[in-house]
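Encoded as structure tokens, the structure appears first; notes follow it.
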Amino acid sequence: MITRRDLLKKFVKTATGVMIPLAAFEIIDPKKLFADKPFKTDEAKVRWVFLVDTYKCVGCGLCVKACKTENEIPYDANVTRTWVERYVVTKNGNIYADTPKGARDGFTTNRIDLGMGKKQDIKKEDIKKAFFVPKLCNQCDNPSCVQVCPVGATYQAPDGVVLVDRKWCIGCGYCIMACPYGVRFFHPKYHVAEKCNFCYHRINKGMKTACVGACPFGARMIGNIKDPGDPVTKILMTERVGVLKEEYGTKPQVYYIGLDKEVR
Amino acid sequence: MKSHVFRPLLVVIGLVVIVLIARFFYVPSDFGSHEKGYMYGWHRKGNEDEWKAFKVKYQFNNEYCKDCHSDKYETLARSPHAVINCENCHGPAMEHPSDPAKLKIDKSREQCLRCHYPLPYPTSGRANIRGVDPEKHNPGVECSMCHNPHKPNLRGMK
């Protein structure tokens, strides 16, 4: 004789048991995950890399203007996916660097912006060397920003570009702290992590990135390092190039011609 | 089973089950470790296509402008400004002439000063570009009042 209480109990147990999908109990196996890591990543046919020729850059900032427009970064917010830094080294050994508004409007004054409203006048005859360095995401081979993401919202695409999933990002900001190059920021409108993605929508349609297209002097180039005929690959194979902050071990994939020790 | 120890245990197990069920429905099926492995490739696969579908704004191809504006194209192509893309001053034109029908031209002095403010920087191409002091050279007037940006040499003066 089954009581009503027992019947209800058994019914609830059975219903719960039936509803639990087996996949929910899938336990992540570290060994399997480690085996998943392809040491054979080289099978990918595309690996986007970037090349900057600092000798050619004149600091016009048209790249920054184009990038902000193309990628819908609020124009007047003081954040940008790419920016241009100005370095001035004086004869007495001082190093000045600035990037007012990320050089969105170029450099239209001789005075260096020291921050906190302070400006520094430098006489022409005191300058030992001065140059411009465009910066953008290095799309590292070992991206530290991706390693720290607790939810899998930022990741490396098969072609090496590091992307941010705006729907999945919880806005914790770990990645912003982890990037040694300071390329990440919070998007003022979406309140999620934001970064340069080599204009992923353009390069996948066979176009150049907006900054490369905007540059009148050919200071910026994008290419596929897996293609031996690519102009960028040819330069990387035959000329002397450097990368930023190699000591961090992130294996950055933005290469520079004419990099100097003052550049950080 | 009627123990004060087991009752809270059942509550905990129940909570775990609820979380697992919620996780099953919340996490999309394309979420997992993909080509780049667990350390760098743990993500929602569909997001790659979402970024690929992002709207393109700039052509950055002067050949696109050639068909309708051949006169401007030819003039510019023979000038030192030939290296500058039309859209750098005329604005993004991916869907022009349908959207927008008329492009907004940046004729500001600041646009010209990006390159033509004199900065005597050795080891940078900037030192080779001729510049003017904006505070002494006709301040307050648009450069294009006298200079033709498509034909910037002195013979092209208006």
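The values are calculated or read from the model by the stated rules, or taken from the named source; none is laboratory data. Everything numeric here is computed off the predicted structure, so don't read it as measured data. Here Cβ is always computed from backbone atoms with ideal geometry, including for glycine, and neighbour counts include all displayed protein chains.
Of the residues making up segment B:138-146, not a single one is under 20 Å from A:E70 (Cα atoms) and buried (at least 17 other Cβ atoms within 10 Å of the Cβ).
Would you be able to say whether some residue in segment A:84-101 is in a loop (DSSP other than H, G, I, E, B) and surrounded by 19 or more Cβ atoms within 10 Å (Cβ to Cβ)? Yes, that holds for at least one residue. Give me the residue from segment B:71-115 that is within 13 Å of chain A (Cβ to nearest Cβ) and among the polar types (S, T, N, Q) and, out of that set, nearest to A:L62 (Cα to Cα). The extreme case among them is B:N88. Filtering segment A:123-170 to residues that are farther than 29 Å from A:D98 by Cβ, of a type in the set (G, A, S) and more than 7 Å from every other protein chain (Cβ to nearest Cβ) leaves A:A153, A:G160.
Restricting A:E239, A:E262 to residues that are on the phi < 0 side of the Ramachandran plot, acidic (D, E) and without any contact (Cβ under 8 Å) to a residue 60 or more places away in the chain narrows the list to A:E239. Looking for whichever is at pLDDT 95 or above, charged (D, E, K, R) and more than 30 Å from A:K56 (Cα to Cα) here; the options are B:R7, B:R23, B:R44. Which one fits? Step by step, each of B:R7, B:R23, B:R44 is checked, and only B:R44 is at pLDDT 95 or above, charged (D, E, K, R) and more than 30 Å from A:K56 (Cα to Cα). Residues in segment A:173-183 include at least one that is of a type in the set (A, V, I, L, M, F, W, C), assigned to a helix (DSSP H, G or I), crowded, with 18+ Cβ neighbours inside 10 Å and more than 10 Å from chain B (Cβ to nearest Cβ).
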